[in-house]
Amino acid sequence: MAIDSTTHPIAAHLRRYLLPAMHVAVLAVSILLIAYITYDTLLNISFISNPRYLRVQLWACMFFIVEILVESMLAPKPWRALLRNIPFILICIPYINILHHCNIAVTPEISYLLRFVPMIRAAYVLAIMWGFMSKNWISSMFGAYIIMLVTTLYFLSLMFFVEEHFVNPGVTDYWQSLWFSIMQMTTCGSSISPITPTGKVIGVVLSAEGLILFPVFTVYFTHAFARNHSTAESTGN
């Protein structure tokens with residue numbers, strides 16, 4: 001029998017206190033994964049042969065899946081919530097562990113990309129928590145866009161560094177890769193030109209994301225100015 005969190009006091013209590021705690025834990029575990037990825041990337045440690053990271057990601061993915069199931073069970077309509085969360089369950093499957101266990105060979109680029117997939121769940125949770133703290137939906141959407149921009153910028157800058165730093169004389173350290181990514185996202189351009197096919201694709205993705213998402217800043221500040229102006233006029237009247 002489904003538990004209705006809108007009427008059942010225990011479910012409502014768990015939803016009020018347990019879910020926020022699990023959301024914070026998701027973010028903490030994701031930060032740990034990001035730290036591992038960054039450490040391995042900057043020190044050129046093989047991400048396939050690092051058993052410590054594989055174990056951490058396995059347990060992290062299992063925790064993410066449990067958090068999704070608990071969140072679905074405590075929803076007013078559990079089955080509908082579970083169906084809505086299926087994409088996040090698929091995201092949280094530890095694909096790299098499965099590939100490693102089954103000795104399935106994939107390209108290094110795909111393997112590196114798969115390491116970031118579970119952290120999409122963390123970005124989603126962070127957007128939810130921002131929405132809870134925001135006073136209106138405009139601020140909530142603006143925060144979600146900021147989270148998307150920052151996470152995409154960071155992950156793609158790491159991938160660009162992995163692909164380019166051995167073959168591109170303009171990318172000798174991560175900071176140059178980060179500078180290239182920032183310049184591409186802001187569409188200002190950079191003196192660094194990607195050489196590898198993956199690096200060229202990353203440059204296009206960063207530019208496209210900047211063109212699509214940066215206008216949101218203009219909309220947000222225009223709305224905020226108009227709202228403040230309207231409030232000031234009402235107060236004056």
For segment 176-187, check the following and say yes or no: at least one residue is over 19 Å from Ile34 (Cα atoms) and outside any helix (DSSP H, G or I). yes
Testing Ser181 on (1) at pLDDT 85 or above; (2) surrounded by fewer than 18 Cβ atoms within 10 Å (Cβ to Cβ); (3) more than 17 Å from Ser111 (Cα to Cα), one condition comes back false. Which one is that? (2)
Residue check for Asp40: among the charged types (D, E, K, R), part of a loop (DSSP other than H, G, I, E, B) and modelled with pLDDT under 85: no
Only unsatisfied item for Cys102, checking (1) crowded, with 17+ Cβ neighbours inside 10 Å; (2) at pLDDT 85 or above, is (1)
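The values are calculated or read from the model by the stated rules, or taken from the named source; none is laboratory data. Treat the numbers as computed from the prediction; the structure is a model and nothing was measured. Because the Cβ atoms are built from the backbone with ideal geometry, glycine has one as well, and the counts that use them run over all protein chains shown.
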